[in-house]
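Here's the structure we're looking at; comments come further down.
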Amino acid sequence: MAELDGRVPDGARELTTGQANRVWHVNGPTPYVLKHYGTAARAANEAAALALLAAHQAPAPRLLAADPNAAPAWTAQTAVHAPPVPADQFLNQIAEPLAAIHRIPGPHAGRLAGTQRHPTWRAYLHNRLHTYITAAPDLAPVAAAIHRELDIIDLDIEPRLLHHDLHVGHLLHTPGGLLLDWELAAYGDPLSDLARLAVRLQLPDPTDLLSLTHRPHPTSARRLILYSRIHQLADAALSTDPLIRSRANSQLSRI
């Protein structure tokens, strides 16, 4: 393989259109995927996540090289030759890879790299709420209600690895399942992964996904509903897709 320097080689095939990140499939004796990021933090986070997954022998692309400080920031990852899991099979096949990654413990809460680390999961969530109302001050009343709920619910959990961007298209059909796109990975409560998925699938009742978790708890339903509201708030405040933003605002207004 030629030296990897983040530049797009001749003949590379772009896999993205109109997104902040750009991804190419590069042919050669050893095909690989080159990814350019809109921010250095996301590149650093994905590189850290892939290194962690490799250390735990979890199914994921292998990190070949990375430079979060380049302009643009980039990673090079092994190309995985497998089709995405069809939408109608997604929930049946996501449980196994989720259980595998949720067994990986974390030393703190929040993103793995490239940004502030937090001593507790609650502190991380408070920080996220502050980010959302800074971006969308009109959502401050919703954020305040969520903040009050965070202060009374039991969040004494051991941080575990989260993918935090689960949706159809990120799960490949391989033995055991393989998840792509780890730039939003974080350490925290595994139920937050399920909440993110419930929002992406537009499920009326996020607790329908509780059967996917391998460690149910008496507060699981309450936490899952709360995390779903936080992910809806994130979409309403930060999404660049007008449809997602509008849908999230509509859902929050009914709460």
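Worth a mention:
- Taking all pairs of distinct alpha-carbon atoms in the stretch 13-78, Kirkwood radius in angstrom: 12.1 Å
- Of 79, 60, 113, the residue with the greatest mean-square motion in the GNM of the chain, using alpha carbon springs below 10 Å, is 79.
- When the Gaussian network model of the chain links Cα atoms closer than 10 Å, the mean-square fluctuations of 165, 67, 208 top out at 208.
- Degrees, to the nearest 10: 190-200 long Cα axis against longest axis of the chain: 90 degrees
- Local electrostatic count, residue 141, Cβ distance below 15 Å [Lys/Arg +1, Asp/Glu -1]: +1
- Taking the longest Cα principal axis of the chain as reference, the axis of helix 140-152 is set at about 80 degrees.
- Largest GNM mean-square fluctuation among 107, 204, 190, using the chain with Cα springs under 10 Å: 204.
- Helix 121-135 and the longest principal axis of the C-alpha atoms of the chain enclose an angle of approximately 90°.
- Rg ratio (alpha-carbon, reference 2.2 N^0.38 Å) - the chain: 1.01
- Adding -39500 (n - 2.57) for every DSSP H run of four residues or longer, then dividing by how many residues the chain holds, sets the calculated 222 nm ellipticity at -12500 deg cm²/dmol.
- Cα lying deepest toward the dipole's positive end in the chain, options 246, 86, 150, charges on Cβ: 150
- Between residue 210 and residue 154, the contour length at 0.36 nm per residue exceeds the alpha carbon distance by 18.4 nm.
Read the figures in this text as sums done on the coordinates, not as results from a lab. These numbers come from a predicted model, not from an experiment. Cβ coordinates were reconstructed from backbone atoms using ideal geometry, including for glycine residues, and neighbour counts include every protein chain displayed.
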